[in-house]
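The values are calculated or read from the model by the stated rules, or taken from the named source; none is laboratory data. Keep in mind it's a predicted model, so treat the numbers as computed, not measured. So basically every Cβ, Gly included, is an ideal-geometry build from the backbone, and we count neighbours across all protein chains shown. SASA here: full protein model, heavy atoms, side chains in, ligands and nucleic acids out. Shrake-Rupley method; radii C 1.70, N 1.55, O 1.52, S 1.80 Å.
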Amino acid sequence: MSDGEPPVPDTRVLAVASHVVSGYVGNKIAVFSMQSLGCDVAALNTVQFSNHTGYRQFTGTRVSASEIRDLYKGLKQSYLDDFDMMLSGYVPGAPALEAVGEIAKELKERVKSRGRPGDFFWVLDPVMGDNGSLYVAQDVVPVYKGLVGWADLILPNQFEAELLSEVKIVDMPSLTRAISVLHSRYAIPHIIITSVSLPDSTPSSTAPNSSAPTPPPQEEGEGQSQPPRTKTLSVVGSSMTSTRQPRAFQISFPAIDCYFSGTGDMFSALMLVRMREAVYNTEGDLTGRESWLSDDSVDALDLPLAKAAEKVLGSMHEVLTKTAEGMKGRVERGRRFVEEEERWRAQRQNGNGDVNGNGDGHVDKKPKLESEQTTTNGRANGNGNGTSDAEEKEKEKTGQEERIKEEEAEGKKRLHLMKSKAAELRLVRHLDSLRRPKVEFRARRIECS
């Protein structure tokens, strides 16, 4: 493959995930990632939000199950459902998730009925929660349990893997046990558990060939949930054998002490492309096999899944590092923008209608009229409304304290919004990291009990 040639053959993908007007999460980053690597992507958006929910304020709507079915019906009636692969991410609610599952099942059953089970591959990110907490309704969990057996590759994080396997992951033995359960119970061909943080995590046998910078710590009051501050994080993957036994590997990488949104969506999209690339570059015709499963004799480190994950993590590490490097400058630019916006709003509010305004947002320093001074003095002496000096002072003190608290809260909110924007992944500025990452990670084999 030459530098200018896409890494995969013609590939048509159905991407089902959320969408934001501004920012890079869900389909906004997944579609761009896959298109940048040569895929033809049809985006079915499950939500339409102004921005991602990490900003703590947003507007928009969620699609219903009937809307999902109707959109797919429209694709079918125009013969636009000729998909080679499908990527599914966040889906709002159990009914909508069931509708997405129906689409995937139909596409899989169609290629099986034609005797070409390898012609369609479903990558499923079972978005349910993180760090021990659900951020979907409880009834979504059993729907995912009913769907994962249809997927070819699932990409749960550590918490989601616990939900699906019903195994509490506390160390490497319990993690490999969870993988074994997922293979044996659901017959899931390929699994990668992301964001693995364990007390006994072991670094990769080969360190990356460029070190990651440590960005400045976030200021207090920022308030976003933080990933575990460990020196390394890992992904753990496995492709099952013909008897549903795991072939597991681990890839560790330096953690960047910074919060990012959309990393899971980018990882899923890149795994879809790099998995297809690795399969096409593997000796023997894996593309004709159901779920692209390798022979049992293939070692864990030689699996297409492991090769794909190594390359994806190289791209991810480079993009996140470059995003973190520029965050301080982007926060400062955001601060200046907010200050200018506030000055402009103040000028418009004051205008000529404000008795103390001079039309340019400044306050006149001219002395008050005698009548104004008399009124002021009257209030200070408690003669105007029957209030004592002490009561009036206490009232003013309370009001001042409340104003200070409001200003502090507003300042923290603005800082949070600026940091949220600064933490948006800078993928569009670093396409070379996406296509030809220089950082390299290597998988190491894991023995499963």
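Scan the strands (runs of 3 or more DSSP E) fully inside the stretch 20-95 and keep the ones with 3 or more residues being open to solvent by 20 Å² or more (accessible area, probe 1.4 Å).
Working: elements: 40-49, 60-62, 85-88.
Answer list for the stretch 20-95: 40-49, 60-62.
Here G4 fulfils each of the conditions (1) open to solvent by 80 Å² or more (accessible area, probe 1.4 Å); (2) closer than 22 Å to V273 by Cα; (3) at pLDDT below 95 apart from (1). Checking each residue in the stretch 131-157 for being open to solvent by 30 Å² or more (accessible area, probe 1.4 Å) and either in a helix (DSSP H, G or I) or on the phi > 0 side of the Ramachandran plot (or both) picks out N131, G132, P142, K145, G146, G149, W150. Just checking, which of S225, S204, S242 is among the hydroxyl-bearing types (S, T, Y) and modelled with pLDDT of 85 or more? Selected residue: S242, the only one of S225, S204, S242 that is among the hydroxyl-bearing types (S, T, Y) and modelled with pLDDT of 85 or more. Taking each residue of the stretch 67-81 that is under 16 Å from L97 (Cβ atoms) and looking for partners that are outside any helix (DSSP H, G or I) and not β-branched (V, I, T) with beta-carbon atoms closer than 6 Å, six or more apart or interchain, yields L71/L44.
Would you tally the residues in the stretch 174-200 being aliphatic (A, V, I, L, M), outside any loop (DSSP other than H, G, I, E, B) and under 26 Å from the mean Cα position of the chain (by Cα)? Don't jump to the end; show me each part of the working.
Within the stretch 174-200, the subset aliphatic (A, V, I, L, M) is 175, 178-179, 181-182, 187-188, 191-193, 196, 198.
Now restrict to residues that are outside any loop (DSSP other than H, G, I, E, B): 175, 178-179, 181-182, 191-193, 196.
So of that shortlist, the ones also under 26 Å from the mean Cα position of the chain (by Cα) come out as 175, 178-179, 182, 191-193, 196.
So the answer is 8.
Among the residues of the stretch 214-221, is there at least one that is among the small types (G, A, S) and either modelled with pLDDT under 85 or open to solvent by less than 30 Å² (accessible area, probe 1.4 Å) (or both)? So that I can check it myself, show each step before the final result.
At the first step, the residues of the stretch 214-221 found to be among the small types (G, A, S) are 221.
Add one more test, that the residue is either modelled with pLDDT under 85 or open to solvent by less than 30 Å² (accessible area, probe 1.4 Å) (or both), and what stays is 221.
Yes, some residue in the stretch 214-221 is among the small types (G, A, S) and either modelled with pLDDT under 85 or open to solvent by less than 30 Å² (accessible area, probe 1.4 Å) (or both).
Here Q250 meets each of (1) modelled with pLDDT under 95; (2) not in a loop (DSSP other than H, G, I, E, B) with one exception, condition (1).
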